[in-house]
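The values are calculated or read from the model by the stated rules, or taken from the named source; none is laboratory data. All values reported here derive from a predicted model rather than from experimental measurement. Don't worry about glycine lacking a Cβ; one is built from the backbone with ideal geometry, like all the others, and counts go over all protein chains shown.
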Amino acid sequence: MFKEIVICIIIIVLIFSLDIYTHNLTKDIVSKTTENFSGLVEKLYKNESENIMGNVQYIRDDWDNSHDKLAYYIEHDELEKVDTVMINTISYVSTGDYSSAIMELEKGKFILEHIQEKNEFNIQNIF
């Protein structure tokens, strides 16, 4: 009987510690990507056309690295929405349609915040 209780406690501790780890990882990635999106939006508002495509490509590469980590425990449909936002942003920036690129980036920030809220451990997500 004692062995079963110890095993159950170890499993519960493992589940909670993995949940805390994934929550912190998601929070860090979402905040970093949202900051990148906000910085790009500011540059697009100011029409700073020099090196915007380089910034977009940097954000895309950073997102690709983050996507690989998040894909283990977040629904792929949610991550594909952010991928679509990135692709649309790249196409709008390359054609010079900055207002549409800003709209896509704002949509991306909303999707990222939704992903973070959806994976939080709270009463609403339990029931």
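Annotations
- Qualifying residue in region 27-36 (condition: basic (Lys, Arg), on the phi < 0 side of the Ramachandran plot, surrounded by fewer than 17 Cβ atoms within 10 Å (Cβ to Cβ) and over 17 Å from the mean Cα position of the chain (by Cα)): no
- Residue within region 18-36 that is modelled with pLDDT of 90 or more, not hydroxyl-bearing (Ser, Thr, Tyr) and not in a helix (DSSP H, G or I) present: no
- Among the residues of region 37-47, those that are of a type outside the set (Phe, Trp, Tyr) and either surrounded by 12 or more Cβ atoms within 10 Å (Cβ to Cβ) or on the phi > 0 side of the Ramachandran plot (or both) comprise 38, 39, 40, 41, 43, 44, 47.
- Of all residues in region 8-31, those satisfying the criterion of being out of contact with any helix residue (DSSP H, G or I) (no Cβ under 7 Å at 6 or more places or on another chain), in contact (Cβ under 8 Å) with a residue 24 or more places away in the chain and under 17 Å from residue 78 (Cβ atoms) are 22, 23.
- Looking across region 61-96 at every residue that is surrounded by 15 or more Cβ atoms within 10 Å (Cβ to Cβ) and not hydrophobic (A, V, I, L, M, F, W, C), the one that is farthest from residue 28 (Cα to Cα) is identified as 92.
- Search result, residues across region 1-26 that are closer than 30 Å to residue 55 by Cβ and either surrounded by 12 or more Cβ atoms within 10 Å (Cβ to Cβ) or in contact with a Phe, Trp or Tyr (Cβ under 7 Å, 6 or more places away or on another chain) (or both): 22, 23, 25, 26
- Restricting region 37-66 to residues that are among the basic types (Lys, Arg) and modelled with pLDDT under 90 leaves a set whose member that is farthest from residue 78 (Cα to Cα) is 46.
- The conditions of being farther than 25 Å from residue 117 by Cα and in a helix (DSSP H, G or I) are met by residue 43.
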